[in-house]
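Here the structure is laid out as structure tokens; the discussion comes afterwards.
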């Protein structure tokens with residue numbers, strides 16, 4: 001945002017005071033625990049497709065307050081989802097412009113928007129709010145989907161501290177999605193190839209024993 005403001009100043013030669021008086025709050029996620037067992041082991045990798053509106057920066061302007069920009073939103077959301085899904089899928093990757101999922105791969109489409117909620121009966125400080133929706137598809141067929149909303153603790157000052165609250169709601173949504181997808185049945189489970197048997201001889205000259213492959 002600051003760089004954009006500088007370009008405005010250079011182009012028009014005046015001070016845009018709103019540029020210098022906006023707040024930045026970097027979204028700060030935490031180390032998520034893995035979803036609880038039992039977890040379904042899926043046979044194909046999962047691709048994360050963030051909707052264009054997610055972006056690296058999301059700016060809001062509550063009434064009578066300076067604008068607030070949540071920064072690194074896409075990085076935070078991708079990281080949280082990867083940590084929430086790695087136990088259930090053999091690979092979790094962000095879907096790039098040139099990437100093409102293989103047949104059988106999963107694609108998680110997700111849109112998430114951040115906002116700031118003023119002090120209320122829920123607490124004396126500001127809270128971060130996340131709203132959005134997601135759906136999971138495989139080979140063009142939708143398997144599951146929801147609209148979601150989460151609100152952080154109302155313990156934060158307006159501005160940079162809300163980056164912590166934003167991290168809370170991003171993590172909460174990611175963990176929720178991880179639990180649901182971790183329980184999703186696998187329609188085409190892998191068929192493990194049995195390993196060959198191993199002939200082993202104990203040290204000291206004992207006779208060999210045959211251990212079946214598995």
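The values are calculated or read from the model by the stated rules, or taken from the named source; none is laboratory data. All values reported here derive from a predicted model rather than from experimental measurement. In this analysis, Cβ positions are derived from the backbone assuming ideal geometry, glycine residues included, and neighbour counts consider all displayed protein chains.
Do we have any residue at all in region 55-67 that's within 18 Å of residue 137 (Cβ to Cβ), part of a strand (DSSP E or B) and in contact (Cβ under 8 Å) with a residue 12 or more places away in the chain?
So far as region 55-67 goes, no, none of its residues is within 18 Å of residue 137 (Cβ to Cβ), part of a strand (DSSP E or B) and in contact (Cβ under 8 Å) with a residue 12 or more places away in the chain.
Out of 101, 35, 52, 90, which single residue is over 15 Å from the mean Cα position of the chain (by Cα) and under 22 Å from residue 133 (Cβ atoms)?
101
Starting from residues that are within 23 Å of residue 62 (Cα to Cα) and free of Cβ contacts under 8 Å to residues at least 24 places away in the same chain, keep the ones in region 98-134 and report whichever is surrounded by the fewest Cβ atoms within 10 Å (Cβ to Cβ).
Residue satisfying both the conditions and the ranking: 121.
For the list (1) closer than 30 Å to residue 90 by Cα; (2) in contact with a strand residue (DSSP E or B) (Cβ under 8 Å, 6 or more places away or on another chain); (3) at pLDDT below 80, I need the number of the one condition that residue 34 fails.
(2)
Could you say whether any residue in region 87-97 is touching a residue at least 12 places away in the same chain (Cβ under 8 Å), assigned to a strand (DSSP E or B) and surrounded by 18 or more Cβ atoms within 10 Å (Cβ to Cβ)?
yes
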